[in-house]
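Notes to accompany the following structure.
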Amino acid sequence: MDQNRLTLPRFMLITDRHVCPNLEDGVAAGVAGGADHVLLREKDLSTAELLVLAQRIHPRIQQEGGRLLIHTNLTVAWAVGAIGVHLPSVGGPSTWEVRKKMGPELLLGRSCHTVEQAQQALTEGADYVTISPVFPTRSHLESVALGLDRFAWMCQHIPGTVLGLGGIQADNAASVLAAGAKGVACIRGVLDAQDPKSAAKKMVSAFGKK
């Protein structure tokens, strides 16, 4: 897979309108602060509802130079001109099925929790994977955090681009990158902040400290 055809995420902001009710403004502020990709991940919406939300958000983030990914729904991704889709770790279509449908030009990511999952996803055509949770996270209270040592070991054994996800904040992003991640992804680290733009800027500043 030619990963140079599209820019891979470095700082991916994942949406959750239950965390940030004013989602459009929050996401736009996060991109203005430095998030380069936005993953629209409102899993409880219908395709029609997701399409409406995507149509509202996409122009806002494009104005700030951001790129939009859609969670799972290739129909919505095509309809709004998103750069690709991101698949869940379980319960969704296989990576190769989606790659076959979308062709080689769109970006494809997958959530993973093990080295084996990540290796399979990358082999089947994913451009990047997220590995989570690196740290404890309120988004998944039932999940046991990997910790930096385990995360670093996983990065060493995954032959592709890894984004660290789960409990990522400005004060720990640099340590995740130093452990081997090529980028980070977060929800609350930006969208739960009083000032999402400032929170995103602080996250970006941490990249220089790895």
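The values are calculated or read from the model by the stated rules, or taken from the named source; none is laboratory data. The shown structure was predicted, so the numbers you read here are calculated from the model rather than taken from an experiment. Here the Cβ positions follow ideal geometry from the backbone for every residue, glycine too, while neighbour counts run over all protein chains shown. SASA here: full protein model, heavy atoms, side chains in, ligands and nucleic acids out. Shrake-Rupley method; radii C 1.70, N 1.55, O 1.52, S 1.80 Å.
Kindly provide the helix-only [θ] at 222 nm of the chain, computed as the sum of -39,500 (n - 2.57) over DSSP H runs of four or more divided by all residues, to the nearest 500 deg cm²/dmol? Please list the in-between numbers first.
Values: 9 runs with 84 residues, N = 210.
Result for the chain: -11500 deg cm²/dmol, rounded to the nearest 500.
Given H placed on each backbone N at 1.01 Å, which residues far from V184 in sequence or on other chains put an amide H within less than 5 Å of it?
F11, M12, G164
Where does the Debye-calculated log10 I(q)/I(0) of the range 106-181 sit at q = 0.20 Å⁻¹, using only Cα point scatterers of equal weight, no solvent?
Normalising to I(0) and taking log10 leaves -0.79.
Can you work out the accessible area per residue across the chain, with the rest of the protein chains kept in place, probe 1.4 Å, in square angstrom?
Values: 9490 Å² over 210 residues.
The answer is 45 Å² per residue.
Which translational diffusion coefficient, to the nearest whole µm²/s, is obtained for the chain from the Stokes-Einstein equation, given a Kirkwood hydrodynamic radius over C-alpha pairs, 10 °C and 1.306 mPa s? Before the final figure, lay out each step's value.
Values: Rh = 16.8 Å.
The Stokes-Einstein estimate is 95 µm²/s.
Not counting the cut sites, what is the longest span of the chain without GluC sites (Glu not before Pro) that DSSP labels loop and that have at most 12 other Cβ atoms within 10 Å? Mind showing how you got there, number by number?
Numbers: sites that count: E105, E142.
Between exposed loop sites, the widest span is 1-104.
How much length is gained if the chain between K182 and V90 is pulled fully straight, taking 0.36 nm per residue apart and subtracting their Cα-Cα distance, in nm to one decimal? Don't jump to the answer; show the numbers that get you there.
On the way: separation 92, 0.36 × 92 = 33.12 nm, distance 2.31 nm.
Length gained, K182 through V90: 30.8 nm.
Averaged across orientations, what area in nm² does the convex hull of the alpha carbons in the range 1-51 project? It would help to have the intermediate numbers written out before the result.
Values: hull surface 18.9 nm².
Hull-based average projected area comes out at 4.7 nm².
Alpha carbon centre of the range 82-124 versus the range 145-166: separation in Å?
17 Å
At a 1.4 Å probe radius, carbon and sulfur cover how many percent of the accessible area of the range 27-173?
Values: 3410 of 6460 Å².
Whole-percent figure for carbon plus sulfur exposure: 53.
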